[in-house]
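For reference, the structure is listed below as structure tokens.
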């Protein structure tokens with residue numbers, strides 16, 4: 001089974017995340033995409049408890065066949081780093097592809113054990129038309145196995161979860177930035193308001 005892994009804080013998940021998964025499914029025909037909300041991401045602070053972010057992710061991807069939300073990183077003592085997550089997933093899946101955005105790949109050499117990550121999974125890097133790919137070439141050149149990295153285009157969604165949280169805090173609409181069920185749940189729970 002060809003399985004893709006897409007992790008993130010998803011605080012909150014937005015249309016850019018959804019577009020990335022849809023484009024990856026179209027380009028690579030994965031049989032399954034595991035979406036892994038980070039329980040305690042080492043690279044950023046999160047504003048919302050992991051269980052709520054997992055629920056929001058479930059709502060965001062609910063209408064895409066083959067996508068499932070994995071609780072792996074939410075388990076007590078669960079993996080915190082991508083390399084650890086992939087090691088755990090390799091116990092169940094022979095072939096994995098890690099989905100990342102071009103901006104994440106630009107910092108890939110700073111990840112814990114990037115070459116080991118590429119041993120455990122192929123890397124599929126989503127690149128927006130407005131992204132300057134020049135900064136990706138040195139990253140690719142520094143890897144032991146650059147042939148395990150593929151690039152695929154996604155539509156431009158110049159939004160971030162941080163901007164969405166700020167819009168909610170400021171009382172501005174987010175309907176054109178997140179899937180409708182996510183916007184409704186953010187409103188229902190009163191998230192990001194203060």
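Derivation of every value follows stated rules applied to the coordinates shown; laboratory data play no part. Here the structure is a predicted model, which is why all the values come from computation and not from measurement. Every residue, glycine among them, receives a Cβ derived from its backbone with ideal geometry; neighbour counts consider all protein chains shown.
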Quick check on the chain: what are the equivalent-ellipsoid semi-axes from the Cα gyration tensor, as sqrt(5λ), descending, whole Å? 26, 19, 16
In deg cm²/dmol, rounded to 500, what helix-only [θ] at 222 nm does the chain give when every DSSP H run of at least 4 residues adds -39500 (n - 2.57) and the total is split over its residues? -10000 deg cm²/dmol
In Å, the Kirkwood hydrodynamic radius of region 1-73 over pairs of distinct alpha carbons? 12.3 Å
By counting other Cβ atoms within 10 Å of each Cβ, how are 144, 185, 95 ranked from fewest to most? 144, 95, 185
What's the exposure ranking of 11, 40, going from fewest to most Cβ atoms within 10 Å? 40, 11
Taking the Cα centre of each part, how many Å lie between region 9-85 and region 139-194? 11 Å
With an 8 Å cut-off on Cα pairs and a minimum separation of 6 or more residues, tell me the relative contact order of region 80-194 in percent. 22 percent
Taking a label point 7 Å from the Cα of residue 130 along Cα-to-Cβ, the residues of region 138-177 whose backbone nitrogen sits under 18 Å from it are 153-167, 174-177
For residue 84 and residue 64 in the same chain, what is the full-extension length gain: residue separation times 0.36 nm, less their Cα-Cα distance, in nm? 4.5 nm
